[in-house]
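Here the structure comes first, spelled out in structure tokens, and everything after it is commentary.
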Amino acid sequence: MSPKKSEQGTGGWDEVTTHAEALAEALRTGAGRLPTHAEERAQQVLQKIPARQAIVGGRTVVVLAGATGSGKSSLFNALVAEPVSRIGARRPTTSVPTAAMWGDEPSGELLDWLQVGTRHQVPRGARRADALDGLVLLDLPDFDSRVAQHRAEADRVIGLADVLVWVTDPQKYADAVLHDDYVKQLASHSAVSLVVLNQIDRLGRAEISQCVEDLQRLLAADGLSDVPVLTTSAVRGYGVDDLAGTISSVVQQRNAAEQRLLADVRAAAVSLQPGVAAQEATLHADDGSELTDALCRAAGVPAVVDAVRRDHLMRAEQHGGWPFTRWVHRLRPQPLRRLGLDEAHTMNRSGAKLALGRSSLPPPGPAARAAVDLAGRRLGRHAAEGLPAAWAEAVQEAATPPDERLHDALDQAVIGTELHGRKPAWWAVSSALQWVFAAIALIGLVWLILLAILGFAHIDADSPTWIGLPIPLLMLVFGLLAGVLLALIARWTAARGARRRAAQVGSRLRAAIAVVGVEQVIDPVAHVLQAHRDTREALAAAAR
């Protein structure tokens with residue numbers, strides 16, 4: 001056995017604590033998305049650490065674990081140098097763990113935690129008492145016992161011990177229960193493991209070498225290639241001193257508890273790693289382009305942009321149109337008001353939007369909803385590429401939020417967007433000129449009517465002329481023609497301005513809708529990916 005050396009005391013526990021914190025972080029960020037059995041096992045490991053740390057003292061707990069007939073109890077008694085553990089011809093004999101303690105340090109709290117009731121204090125003057133000072137040696141029930149309670153008790157104590165001594169014999173050293181259910185499962189604990197081939201007195205020297213070589217081959221296949229195999233005969237006393245010396249070297253280092261717990265944490269992290277991928281996708285700005293397009297259609301952005309364009313034209317005509325026909329435009333419903341955006345925008349300015357602001361935009365149709373769903377699923381598939389099923393499902397769920405929540409967010413984004421710009425300066429100039437031209441035309445008309453009345457009354461009233469034409473007539477014709485010409489120019493200018501205004505509002509709306517896409521879809525997906533990254537990195541740190 002060649003346990004890893006670590007600083008006694010605080011340094012060793014600091015390493016355990018660091019790895020345990022990384023494992024706890026992985027369980028937190030990956031909760032519900034990691035293999036259930038491995039997650040439960042990791043939680044048990046984390047619960048064991050503070051309990052063992054609180055009572056660590058200077059004691060090292062070593063268990064003798066093996067199958068029926070391997071001679072564990074005989075080996076236990078040989079190490080203790082007293083017949084403490086009962087040995088009999090009928091199997092199984094050991095039904096509960098038996099403990100032997102060397103040294104004067106109190107071990108009651110530790111044994112209570114281990115739930116071991118049968119205890120034997122090795123006398124100070126006993127053989128190997130000084131070398132094994134600080135050792136708590138446990139003889140366990142057979143882990144292949146026909147009695148389920150015995151097997152469960154052996155498994156429980158194996159999970160709590162500091163050092164594992166696997167005891168086997170020439171007949172059962174290749175047994176599948178030993179290798180598949182125990183050695184292979186705890187192969188990562190090589191730093192606190194030891195293998196003993198007992199009962200070698202039944203073999204010749206050549207057979208012993210052959211058995212040891214075959215056992216080492218099997219252990220290497222299990223992942224325990226760096227653990228030596230000690231040979232013993234508890235009955236004849238062969239190799240018992242060597243075994244005691246190896247255990248003594250471990251006990252004297254006073255770091256087996258830390259090494260065992262560190263191995264537990266690493267093994268738990270490794271068992272959880274199949275629940276994460278080697279890496280995760282990275283979302284880029286272009287990933288949301290298709291989603292933004294679909295959300296814009298679902299939010300009715302094309303209809304809003306067209307309403308902005310027509311609303312701008314109508315307002316321009318009300319300012320720059322012919323004064324005698326402006327009243328016609330006032331009778332038409334305003335496009336933005338029909339969509340409920342004028343009132344909503346007013347509430348948005350006053351701060352009432354959050355409580356009352358709602359537009360009259362129709363809900364998205366089946367085609368628009370399908371487009372949003374398709375875009376979200378495509379983004380989700382890209383983000384979930386290569387992830388385990390649980391993470392991929394979480395990504396897809398994040399990429400497809402509920403329709404009602406998404407529709408409300410889109411509606412609020414439209415309401416919160418500035419749809420009106422500053423009134424162009426030419427509107428006021430055009431309106432003033434139109435009124436001037438209307439006044440000139442009206443004065444000319446009134447003047448002509450007055451001249452006609454005077455002429456009908458045979459009252460001689462001469463009208464001033466210019467270039468041979470009556471000035472009142474020129475005023476009427478000029479006012480009308482100038483007003484019409486100005487209205488045509490204003491309409492042409494307004495159409496260009498309406499297109500620019502619509503383009504500006506379209507850009508604002510797309511930006512606002514893109515924010516909704518980020519908040520409702522991309523950010524939740526990125527949050528899942530970040531949780532996966534945090535879990536993956538924490539597991540790597542815990543397993544390191």
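Each value in this text was obtained by applying a stated rule to the coordinates, not by laboratory testing. Being a predicted model, the structure only gives us computed values, none of them experimental. Here the Cβ is made from the backbone with ideal geometry for all residues, glycine too, and neighbour counts use every protein chain on show.
Computed quantities for the displayed model
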quantity: Lysine pair number, Cα distance threshold 22 Å (strictly under), the chain, separation 8 or more or different chains; calculated: 7
quantity: Under the Karplus curve 6.51 cos²θ - 1.76 cosθ + 1.60, θ = phi - 60°, whole-Hz ³J(HN,Hα) for region 278-284, x wherever Gly or Pro sits; calculated: 5, 7, 10, 5, 10, 7, 10
quantity: Residue-by-residue Karplus 3J(HN,Hα) for region 179-184, coefficients 6.51, -1.76, 1.60, Hz, glycine and proline x; calculated: 7, 6, 8, 10, 4, 5
quantity: Overall Cα dimensions of region 439-544 - principal axes, largest extent first, Å; calculated: 117, 25, 11
quantity: Global form of region 100-184, assessed from the alpha-carbon gyration tensor, a/c cut-off 1.5; calculated: prolate
quantity: Cα gyration tensor category, rounded, prolate or oblate, for region 59-253 with a/c compared to 1.5; calculated: rounded
quantity: Karplus-derived HN-Hα couplings along region 524-532 (A = 6.51, B = -1.76, C = 1.60, θ = phi - 60°), whole Hz, x at Gly and Pro; calculated: x, 5, 4, 5, 5, 5, 5, 4, 5
quantity: Per residue Cα convex hull volume in Å³ - calculated over region 149-258; calculated: 108 Å³
quantity: Modelled FRET efficiency - R0 51 Å, ASP403 with SER95, Cβ distances, 0.05 increments; calculated: 0.20
quantity: Whether region 51-161 is rounded, prolate or oblate, judged on the alpha carbon gyration tensor where a/c under 1.5 counts as rounded; calculated: oblate
quantity: FRET efficiency for ALA370 and ARG544, using Cβ-Cβ distance with R0 set to 56 Å, rounded to 0.05; calculated: 0.75
quantity: Quarter of the Cα convex hull surface for the chain, i.e. its orientation-mean projected area (nm²); calculated: 39.4 nm²
quantity: Helix-only mean residue ellipticity at 222 nm for the chain, each DSSP H run of n ≥ 4 adding -39500 (n - 2.57), per residue, nearest 500; calculated: -19000 deg cm²/dmol
